[in-house]
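Read the structure below first, then the notes.
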Amino acid sequence: FPTPRSTREASEKMQDGEDITRDSFEAAAAALEALLATAEFVAVDAEFTGIKLPGTVPQDHDSTQARYTKMRRVASEFSLVQLGICTFHRPPPGGAAAGSALQARPFNFFVRRAAPRGGDKVVLDCSTAEFLRGQGIDFNRWLDHSVPYRSTADAAAAAAAVVVVVVMA
């Protein structure tokens with residue numbers, strides 16, 4: 001699949017399905033950005049510290065809006081642990097993988113909300129934690145090496161708190 005040479009080289013150094021931390025984020029983000037441009041399709045998955053709250057269990061009769069409202073509440077209460085993005089490409093004709101249906105390139109980003117000034121809380125559902133540990137999620141690595149992110153509101157608050165001082169000589 002066509003990617004710029006430097007991005008392709010960075011992408012090839014990463015192992016498929018490698019957990020991406022703040023140390024490997026720049027190279028992974030560049031590789032992912034290039035791959036997104038030529039992907040046949042993209043799959044996204046998110047792992048949270050919990051997946052249900054009272055009254056949020058999906059029901060067969062839920063409308064799309066009702067399910068969205070329930071899941072939004074869950075996503076607002078629990079912390080994002082890992083964001084998985086997988087691009088799918090058709091192999092180039094005549095290449096080593098020609099004839100294969102699709103090639104998958106998974107990216108697993110360890111992510112954690114950047115703590116605002118007053119700190120941040122993490123709500124953890126024990127059964128979800130047990131499941132994630134059983135799937136190989138390393139919570140120590142998540143806490144120590146995750147890529148920090150901010151919500152739009154937190155970013156705006158941080159920007160408003162910046163004071164610019166101009167000194168005239």
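The values are calculated or read from the model by the stated rules, or taken from the named source; none is laboratory data. These numbers come from a predicted model, not from an experiment. Don't worry about glycine lacking a Cβ; one is built from the backbone with ideal geometry, like all the others, and counts go over all protein chains shown. What goes into the accessible areas is simple: the full protein's heavy atoms, side chains included, and nothing from ligands, DNA or RNA. Shrake-Rupley method; radii C 1.70, N 1.55, O 1.52, S 1.80 Å.
Near ASP125, once Lys and Arg are set to +1 and Asp and Glu to -1 for all other residues with Cβ below 11 Å from its Cβ, the sum equals -1. Summarising the amide proton neighbourhood of ARG113: residues at separation of 5 or more, or on other chains, whose placed amide H is nearer than 5 Å comprise LEU80, TYR149. Amide H contacts of ILE20: ASN108, PHE109, PHE110, each under 5 Å away and 5 or more positions distant or on a separate chain (H built 1.01 Å from N in the peptide plane; Pro and chain starts excluded). Ligands, DNA and RNA left out, the accessible area of region 51-109 computed with a 1.4 Å probe is 57% carbon and sulfur. Computed from phi, the 3J(HN,Hα) profile of region 67-81 under the Karplus parametrisation 6.51, -1.76, 1.60 (θ = phi - 60°) reads 5, 4, 4, 4, 5, 5, 4, 4, 5, 6, 8, 9, 8, 6, 9 Hz, with x in place of Gly and Pro.
Here the Karplus relation 6.51 cos²θ - 1.76 cosθ + 1.60, evaluated at θ = phi - 60°, turns the backbone of region 143-157 into coupling constants of 5, 8, 10, 6, 7, x, 9, 10, 6, 4, 5, 5, 5, 5, 5 Hz, with x for every Gly and Pro.
Of the Cα atoms belonging to region 21-73, the radius of gyration and Dmax stand at 16.7, 44 Å.
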